[in-house]
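A.B. asks: My structure is below; once you've seen it, I'll send some questions.
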2 protein chains.
Amino acid sequence: MSGLTYAILGCGALGGLYGARLQRAGFEVHFLARSDYDHLRRHGWRIDSKDGDFVLPTVHVYDRAGRMPRCDVVLVCMKTTANGLLPSLLPPVTGPETLVVTLQNGLGVEEDCAAVVGAEHVAGGLCFLCSNKRGPGWVHHLDYGKVVFGQFQDGKDAPLAPSPRLRQVAADFAAAGTPSELMDDLRAARWRKLCWNIPYNALCAILGADTKVVMEKEASRQLVAAVMREVEAGAAACGKPLPPGFVGQMLADTDAMAPYQPSMQLDLAAGRPLELEAILARPLRAAQAAGCPMPRVETLWRELAFLTST
Amino acid sequence: MSGLTYAILGCGALGGLYGARLQRAGFEVHFLARSDYDHLRRHGWRIDSKDGDFVLPTVHVYDRAGRMPRCDVVLVCMKTTANGLLPSLLPPVTGPETLVVTLQNGLGVEEDCAAVVGAEHVAGGLCFLCSNKRGPGWVHHLDYGKVVFGQFQDGKDAPLAPSPRLRQVAADFAAAGTPSELMDDLRAARWRKLCWNIPYNALCAILGADTKVVMEKEASRQLVAAVMREVEAGAAACGKPLPPGFVGQMLADTDAMAPYQPSMQLDLAAGRPLELEAILARPLRAAQAAGCPMPRVETLWRELAFLTST
């Protein structure tokens, strides 16, 4: 075990699960919470997971970053809608050797972190995870769970080998019970994840239906597949083509998955801000700039922008 | 005045307004009603119109086509979702000289009538009309009102001059207070109308907002314009290009229009069947067959198909 210390920014369904598992495995973990602060301070975490339930009655939790210690690794686990706060959240918890790993969805999230701490201190992780918050300090992990880590490429197309520290983070995740992988083309991995995130987040939100219902009905199933093929074309136009057969695999994986309400569906229903910029707008602009218009993605994005406009 | 007799099939916001005006002008008019039958038999029509309110306490109304007399002109005013009934509705009211004029929206509605009475007996009319039902026997006419009539071209691209009887129908409408025009390319006129009907019907339904709200918000306004440009491309691919500047004119006309809830929005909210086949699916298939995929229209169609699937 590495002995690295971890800061977890954001106590949602993702930060809660991974942070609690690291602490359970013996790592020193510091959580930054917002609405869950009081509950976590008194009761700690309750994790209901398909891989085993556990509780952590006592955790290090903070209601502002300025009170946290500097850590070896910072895991950025908030919604991207809060990324405007990174300039105030990251400096207190980062030192010269700190690695900031953003586990957020979408494109441009490493850039958001790099603008604060510098590109060489940034990596990203893609979470293949079905997990929801049930209540304060209470995570329900339904399915999957793997994290794929890669170094931030800073606008360059070339592959980039993971740094020793990033390798250690991946090993720590594995030691804590979360399967992990390393890959040297994070940007390509982000496009692969978007192939799932764009259709299911957008359509489950717009149609008010979970993944199972969306996959069962012919009209929406075909729309999911058509949107995936658009994202496939967008990824290729951006120089990060999806592997052959990837779209079919994503559809089959989702068929095999427990019914799931993606975060965008839950956020829309609850009146919370949606991650439209990272998950839809940035990929759309990137593809358009590369000559691939993605009109179906544009349609979904504009519909959601309407539904969340004030 | 021609002395033609009129059968009105469908007592909605369209059949009610135009039929009541014809009767007010002295024509013999016979209404086929479904849910409004009892009310119309007892109380007749109440028409609230921006061009002048009026009531018709006594009307010829029927609850089945078999009880109606044969008429010189049959105006098909039902929703296209009821077109499966045309084989039983049209024969009782049509004779060898009868002209069947469908005032329905979308593509393929003349074909639906021609399959029953023969192409040479069919014409179509495009209603530029904002009108809603307020209750049984009660129409609220908000804005516009013109009808553009044309002869059914039966799959041929060439223009076709209006028959003498169709000219008479147009003159009767004008005499009854409804501005009317004749044109010799009905298929082209249908594509022009789709340029409005597709974006507003679909988006107002999906977004749950009237035309004014959709036009005020940037995200939806741009989506409307993008969908219109797709329909423009589809029309051109099908050999019926829109006139130059038409899309801009449609947007400006809608800006100038009173806030309006298109029928598809009202139907979705009320749980009634939507006119998806005529307004979205047939134009989409026609454009696709002509090599124009219309992906935004396809997206809207599939979303609505999902929302109305059982």
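A.B. asks: Distances longer than 29 Å among the Cα atoms of chain A: what percent of all pairs is that?
C.D. replies: When every Cα pair of chain A is considered, 32 percent fall beyond 29 Å.
A.B. asks: Just need the relative contact order of the range B:93-218 here, percent rounded to a whole number, with Cα pairs under 8 Å and 6+ apart.
C.D. replies: 18 percent
A.B. asks: What do you reckon, how do B:H43, B:H140 stack up by accessible area (1.4 Å probe), largest on top?
C.D. replies: Most to least solvent-accessible, the answer reads B:H43, B:H140.
A.B. asks: With a 1.4 Å probe and all protein chains kept in place, how much accessible area does A:M68 have, in Å² rounded to the nearest 10?
C.D. replies: Accessible area of A:M68: about 10 Å².
A.B. asks: Can you pull out the buried accessible area for chains B and A, both sides counted, probe 1.4 Å, rounded to the nearest 100 Å²?
C.D. replies: Buried: approximately 2100 Å² between A and B.
A.B. asks: Using the Cα centre of chain A as the reference point, and only Cβ charges (+1 on K/R, -1 on D/E), how large is the resulting charge dipole? Debye, rounded to the nearest 20. Mind showing how you got there, number by number?
C.D. replies: Values: 31 positive and 32 negative charges, 85 e Å.
It comes to approximately 420 debye.
A.B. asks: Same structure, new question: For the pairs A:K50/A:K79; A:K79/A:K240; A:K156/A:K240; B:K146/B:K217; A:K146/A:K193; B:K79/B:K193, note any where the Cα-Cα span goes beyond 21 Å.
C.D. replies: From the list (A:K50/A:K79; A:K79/A:K240; A:K156/A:K240; B:K146/B:K217; A:K146/A:K193; B:K79/B:K193), the Cα-Cα distance tops 21 Å for A:K50/A:K79; A:K79/A:K240; B:K146/B:K217.
A.B. asks: When the accessible area of chain B is split by element with a 1.4 Å probe, what percent falls to carbon and sulfur?
C.D. replies: 52 percent
A.B. asks: Something else now. Per residue, how many Å² of accessible area does the range A:70-221 show with a 1.4 Å probe?
C.D. replies: Accessible area per residue: 35 Å².
A.B. asks: Arrange the residues B:H60, A:H121, A:H39, A:H141 by how much accessible surface each exposes, largest first, with a 1.4 angstrom probe.
C.D. replies: Correct descending sequence by accessible area is B:H60, A:H39, A:H121, A:H141.
A.B. asks: Probe radius 1.4 Å, ligands and nucleic acids left out: which of A:L90, A:L268 has the largest accessible area, and how do the rest follow?
C.D. replies: A:L268, A:L90
A.B. asks: Further question: Students often check this: by mean Cβ neighbours within 10 Å, which of B:210-217, A:192-199 ranks highest, and how do the rest follow? Don't skip to the answer; put the middle values down first.
C.D. replies: Details: B:210-217: 17.6, A:192-199: 24.4.
In descending order of packing, they fall as A:192-199, B:210-217.
A.B. asks: To continue, here is another question. Hey, got the dipole for the protein assembly as shown? About the Cα centre, +1 on K and R Cβ, -1 on D and E Cβ, debye to the nearest 20? Could the numbers behind the result be given before it?
C.D. replies: On the way: 62 positive and 64 negative charges, 162 e Å.
Charge dipole, the protein assembly as shown, about its Cα centre: 780 debye, nearest 20.
A.B. asks: Would you kindly work out, in nm and rounded to one decimal, the distances from the label point of A:D48 to those of the same position in each other copy, ordered shortest first, with label points 7 Å along Cα-to-Cβ?
C.D. replies: A:D48 label point versus its equivalents elsewhere: 5.1 nm.
A.B. asks: Measuring label to label, 7 Å along Cα→Cβ, what does A:D154 give against each other copy in nm, shortest first?
C.D. replies: 7.4
A.B. asks: Now for a different question. What is the helix-to-structure angle for A:164-175, meaning the angle in degrees between its Cα long axis and the longest Cα principal axis of chain A, kept from 0 to 90 and rounded to the nearest 10?
C.D. replies: 90 degrees
A.B. asks: Let me ask something additional. Under 13 Å from the Cβ of B:V29, count the other residues' Cβ atoms, weight Lys and Arg +1, Asp and Glu -1, and hand me the total. Before the final figure, lay out each step's value.
C.D. replies: Working: positive: B:R21, B:R24; negative: B:E28, B:D72, B:D172.
Summing Lys and Arg as +1 and Asp and Glu as -1 gives -1.
A.B. asks: Report ³J(HN,Hα) in whole Hz for each residue of the range A:195-202, in order, from the Karplus equation J = 6.51 cos²θ - 1.76 cosθ + 1.60 where θ = phi - 60°; Gly and Pro get x.
C.D. replies: 4, 8, 5, 5, x, 6, 4, 5
A.B. asks: Here is a further query. What is the set of long-range amide H partners of B:K217 at a cut-off below 5 Å, with H atoms built 1.01 Å from backbone N?
C.D. replies: Amide H neighbours of B:K217: none.
A.B. asks: Label position 7 Å from Cα toward Cβ: report the copy-to-copy distances for A:A270 in nm, one decimal, ordered from shortest.
C.D. replies: 3.7
A.B. asks: Residue-wise, which Karplus ³J(HN,Hα) couplings in Hz belong to the range B:265-281, taking 6.51 cos²θ - 1.76 cosθ + 1.60, θ = phi - 60°, and x for glycine or proline?
C.D. replies: 5, 5, 5, 5, 5, 8, x, 8, x, 9, 7, 5, 5, 6, 8, 10, 5
A.B. asks: How high is the relative contact order of chain B, given as a whole-number percent (alpha carbon pairs under 8 Å, six or more residues apart)?
C.D. replies: Relative contact order of chain B: 15 percent.
A.B. asks: So, in Å, what gap is there between the alpha-carbon centers of the range B:1-19 and the range A:32-110?
C.D. replies: Centre-to-centre distance over Cα atoms comes out at 68 Å.
A.B. asks: If you build a Gaussian network model of chain B, linking Cα atoms that sit under 10 Å apart, which residue out of B:L300, B:L126, B:L85 swings the most?
C.D. replies: Among B:L300, B:L126, B:L85, the largest mean-square fluctuation in the Gaussian network model of chain B belongs to B:L85.
A.B. asks: Tell me, what is the percent relative contact order of the range B:163-262, built from C-alpha pairs under 8 Å that lie six or more residues apart? Don't jump to the answer; show the numbers that get you there.
C.D. replies: Values: 77 pairs, mean separation 32.4, N = 100.
With pairs under 8 Å counted, the relative contact order is 32 percent.
A.B. asks: Work out the mean other chain Cβ neighbour count within 10 Å for the residues of B:220-228 and drop it here as an integer.
C.D. replies: Numbers: counts 6, 2, 4, 8, 1, 0, 5, 3, 0.
Partner-chain Cβ atoms within 10 Å, mean over residues of B:220-228: 3.
A.B. asks: Using 10 Å bins from zero, what percent of all Cα-Cα pairs in the range A:16-127 falls into each bin?
C.D. replies: Reading the bins upward from 0: 13, 45, 34, 8.
A.B. asks: Taking each residue of A:206-219 in turn, how many C-beta atoms of other protein chains fall within 10 Å of its C-beta, and what is the average?
C.D. replies: Taking all residues of A:206-219 together, the mean is 3.
A.B. asks: Give me the residues in the range B:289-310 whose solvent-accessible area, probe 1.4 Å, is reduced by at least 20 Å² once all protein chains are included instead of the chain isolated.
C.D. replies: B:P295, B:R296, B:E298, B:T299, B:R302, B:E303, B:F306, B:L307, B:S309
A.B. asks: When the Debye formula is applied to the Cα atoms of the protein assembly as shown, each taken as the same point scatterer, what base-10 log of I(q)/I(0) results at q = 0.05, 0.12 Å⁻¹?
C.D. replies: The computed values of log10 I(q)/I(0) come out as -0.31, -1.09.
A.B. asks: Around A:R190, what is the net charge, scoring Lys/Arg as +1 and Asp/Glu as -1 over all other residues with Cβ under 12 Å from its Cβ?
C.D. replies: Taking every Cβ under 12 Å from that of A:R190, the sum is +2.
The values are calculated or read from the model by the stated rules, or taken from the named source; none is laboratory data. Everything numeric here is computed off the predicted structure, so don't read it as measured data. Cβ atoms come from the backbone with ideal geometry, glycine included; neighbour counts cover every protein chain shown. Remember, those area values only see protein heavy atoms, side chains included, never the ligands or the DNA or RNA. Shrake-Rupley method; radii C 1.70, N 1.55, O 1.52, S 1.80 Å.
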